[in-house]
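What follows is a short report on a single structure.
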């Protein structure tokens, strides 16, 4: 029983990830919101970056995890790996939505617009739509094994497409971009580096923790459903 | 079926209470830092309270009130908001930031005897609402998501171990 | 060779059945015609505006055509229980993909070639001197669209919400095709030399190669479970 051993392993080690993530994020929030000084250009608004950048990084990390797990699933066909894919996709959607939302809130005072067709924003919006499609496909495919295979294929295709999408959107923007909107990256002062690092590492570890919890949750849900299903069919025969 | 309350679920609530306390402390520290360093007062509050510590005053420069600034003379103008006006003397050299009808923040002290706010520095207009909403809209869903997942996992373990699952419903 | 015979016969079978009932091509064609009609009402048709939006109109019409035509590509196979026969074929399953892909590509190109004169007719364009570049752009873009469309058609064919899921999966991932095709068409319509929009065609070409190869390889997993 590979799955049982795997789930047992997750259950044993998850708390350490959760613990480390909580400490790092608490330290990151403390330095980011309390002790660090405001940015010279952006003022206090730079503090949004301490939550926005980790969210965006984690969204990409989780999509990469989804890609790796999808290949792993097509290779080994373990249903617990499919649970991990499903969990990674849900978390990726969550972090992508969070990244878009915080980016939009940051954009309003900085660019004076909630939304601009910046290459990064556009690519992320497309990633968001792809993930919504992925999760919808999962709910519509009733056969569990077929659903897992098809979703793994979709995730792999989407992952290969993502750099091309980003590249094409960047070219397209370089043609049409009005010069008034600056997409200048922020120059990171050492004072700001501390909360960035703490939050970045903290949220990544938190993602690992969430992935472990969510994989367990989906696995146990399917286990329970299978048991209850067997129960119902037994009840009918009696 | 009411969710069974096992020891795992109780441990979950305990863990989360500790977390909530820790994050509330950080939130409190952030709010007090905001009070200390970022919060501005309006001319109306300045005139009615006449505080004697360093304050940040926010208001709009009245049209036509901006004078001085040449030959080392300090700028003189009046800031207004909510119908109250406060005269300001600004000794810095920041010509670009000063313009009629612009909303600015000046840092300085209220000289009650002269009836003038002596400012030495101009700050960026605060937009803490954006920062607060960014943190609220990202961290609260995050916390709710993690909590609901952990709770579900704890309950599922209890439910699966529970013998009742194996019994046929009558 | 066995492999190419399978590719050829699957494409041939699709074309033959299409020739007999004309279901797919006529629905694609009349749908695109309706799209053009709606567009002509939606925008003011002075020549300056038209020049700006024409590439968009053309590629939105073609995009809808792809959604209508490609989404049903595998439906006929499922309805006639042909999927099991496909699984039994003693060739790499990619051959089946290539056959379906070629059939779809030919349908799409036929519809597009019929539609171009209608654009000329309805919007007073002069396409004749730009005919070859436009043909090149449509072919390269349609290859990419058919490659992704055929794959996603196989993914979505057996679910209830097929009509909804197919465009939801196809459109975000085919963004590079639409960007490249619209920008290249804009260049061609304004009469620029080929070199000024060549990079867009190269982008489309790279997209085509990647997705035909990846889909060919990954199709094994769709039929094989």
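Evaluating kT/(6 pi eta Rh) at 4 °C and 1.567 mPa s, with the Kirkwood radius of chain A over Cα pairs in the Stokes-Einstein relation, gives 65 µm² s⁻¹. For chain B, a Gaussian network of Cα nodes joined below 10 Å ranks B:75, B:147, B:117 by mean-square fluctuation, and the top entry is B:147. The separation of the range A:138-167 from the range A:1-35, counted between C-alpha centres, amounts to 28 Å.
Which of A:57, A:228, A:216 moves most in a GNM of chain A, Cα contacts under 10 Å? Fluctuation is largest for A:228.
Cβ crowding within 10 Å ranks C:29, A:13 as A:13, C:29, fewest other Cβ atoms first. Take the Cβ atoms of residue A:227 and residue A:20, set R0 to 45 Å, and the FRET efficiency comes out at 0.85. In the protein assembly as shown, helical runs assigned H by DSSP with n ≥ 4 each contribute -39500 (n - 2.57); averaged across all residues and rounded to the nearest 500, the mean residue ellipticity at 222 nm is -25000 deg cm²/dmol. With N the number of residues in the range A:121-176, Rg(Cα) / (2.2 N^0.38 Å) evaluates to 1.37. Against chain C, whose longest principal axis comes from its Cα atoms, helix C:131-156 is set at around 40 degrees.
Which value, in Å³ per residue, describes the convex hull spanned by the Cα atoms of the protein assembly as shown?
Given the Cα convex hull of the protein assembly as shown, per-residue volume reads 235 Å³.
With a Förster radius of 41 Å applied to the C-beta separation of residue B:109 and residue A:174, the computed FRET efficiency comes to 0.20.
Annotation: the antiparallel percentage among DSSP beta bridges lying fully within the protein assembly as shown is about 85. In this simple spin-label model, placing a label point 7 Å from the Cα along the Cα-to-Cβ direction at both residue C:30 and residue C:113 gives a separation of 2.3 nm. Bridges between two residues of the range B:40-123, per DSSP, are antiparallel at a rate of about 85%.
Any chance you could give the angle, 0 to 90 degrees and rounded to 10, that helix A:144-176 forms with the longest Cα principal axis of chain A? Rounded to the nearest ten degrees, it is 10. The order of A:82, A:143, going from fewest to most other C-beta atoms within 10 Å of their C-beta, is A:143, A:82. Each residue in A:222, A:86, C:2 was given a count of other beta-carbon atoms within 10 angstrom of its own, and listing them fewest first yields C:2, A:222, A:86. Measuring max minus min along each principal axis, the C-alpha atoms of the range A:1-128 give extents of 57, 34, 14 Å (largest first). In angstrom, the C-alpha Rg and Dmax of the range A:57-188 are 16.8, 52.
Each label point was placed 7 Å from the Cα along the Cα-to-Cβ direction; for residue B:44 and residue B:63 their separation is 2.2 nm. Among A:172, A:111, A:72, the largest mean-square fluctuation in a Gaussian network model of chain A (Cα springs under 10 Å) belongs to A:172. Summarising the overall dimensions of chain C from its C-alpha atoms, the Rg and Dmax are 18.0, 58 angstrom.
Each principal axis of the Cα cloud of chain B was evaluated for its coordinate range; sorted largest first, these ranges are 93, 27, 27 Å. For residue A:11 and residue A:64, a Förster radius of 25 Å and the Cβ-Cβ distance give a FRET efficiency of 0.55, rounded to the nearest 0.05.
Gyration tensor over the Cα atoms of the range A:5-60: the corresponding equivalent ellipsoid has semi-axes (square roots of 5 times the eigenvalues, largest first) of 32, 14, 5 Å. Over the Cα atoms of the range B:40-123, the radius of gyration divided by the Kirkwood radius equals 0.92; this is the Rg/Rh ratio. Relative to the longest principal axis of the Cα atoms of chain C, the long axis of helix C:194-223 lies at roughly 20 degrees.
Normalised by residue number, the volume inside the convex hull of the Cα atoms of the range C:124-225 is 103 Å³ per residue.
The modelled label-to-label distance between residue B:31 and residue C:81, using points 7 Å beyond Cα along the C-beta direction, is 7.0 nm.
Quick note: the coordinates plus some simple rules give every number you see, no bench work behind them. Quantities reported herein were computed from a predicted structural model and do not represent experimental measurements. When we count neighbours, we look across all protein chains shown, and the Cβ atoms used for this are built from the backbone with ideal geometry, even at glycine.
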